[in-house]
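Here's the structure we're looking at; comments come further down.
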Amino acid sequence: MQAPGPTLETARLILRPTAREDFEGFVALMADPDSSRHIGGLQPRSVVWRAMSSMAGSWALQGFGMFSVLERSTGRWVG
């Protein structure tokens, strides 16, 4: 399930609203000290779930929010 909102595509990337399947990638990102240091620092799974749910809720309630970024060639979540 994906939050409502636009999907943008470039030659290399797909940007789309948050989806349930993004969770493990987001958990890994927020568990890496270098990757997470400028976006809130290390976070446990429960806090990551809340943050991801807030992003999805922003799309549903306000019509805008943060995008998930996927590598177009592999479909891999990258941020």
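The values are calculated or read from the model by the stated rules, or taken from the named source; none is laboratory data. Computed from a predicted model, the values in this text were never measured in an experiment. FYI the Cβ positions are ideal-geometry reconstructions off the backbone, even for glycines, and counts take in every protein chain you see. For accessibility, only protein heavy atoms count, side chains too; no ligands or nucleic acids. Shrake-Rupley method; radii C 1.70, N 1.55, O 1.52, S 1.80 Å.
Some points to look at:
- Computed with a 1.4 Å probe on the full set of protein chains, the accessible area for D34 sits at about 110 Å².
- With protein chains left intact and a 1.4 Å probe, residues in the chain average 66 Å² of accessible area per residue.
- Backbone geometry of segment 23-34 corresponds, through the Karplus equation with coefficients 6.51, -1.76 and 1.60 at θ = phi - 60°, to 3J(HN,Hα) couplings of 4, 5, x, 5, 4, 4, 4, 7, 9, 9, x, 5 Hz, x marking Gly and Pro.
- Probe 1.4 Å - accessible area at R76, Å² to nearest ten: 130
- Phi-based couplings in Hz for segment 38-55 (Karplus 6.51, -1.76, 1.60; Gly and Pro marked x): 9, 10, x, x, 4, 9, x, 3, 5, 6, 5, 4, 5, 5, 5, 5, 5, 5
- Probe 1.4 Å, all protein chains present, accessible-area order of M1, M66, largest first: M1, M66
- Within segment 8-71: Cβ-based charge dipole about Cα centre, in debye rounded to nearest 20 (Lys, Arg +1; Asp, Glu -1): 200
- Across the accessible surface of the chain, with the other protein chains kept in place and a 1.4 Å probe, carbon and sulfur atoms take up 60 percent.
- Computed [θ] at 222 nm, helices only, for the chain once each DSSP H run of length n ≥ 4 contributes -39500 (n - 2.57): -11500 deg cm²/dmol
- Across the protein chains, with a 1.4 Å probe defining accessible surface, the residues S58, S35, S73 rank S73, S35, S58 from largest area downward.
- For a label point 7 Å along the Cα-to-beta-carbon line of L15, residues of segment 46-66 with backbone N under 20 Å: 52-66
- Largest to smallest in accessible area, the residues L15, L8 fall in the order L8, L15 (1.4 Å probe, all protein chains included).
- Dipole of segment 8-71, positive end: most advanced residue of F23, S58, V48 [Cβ charges, Cα centre]: S58
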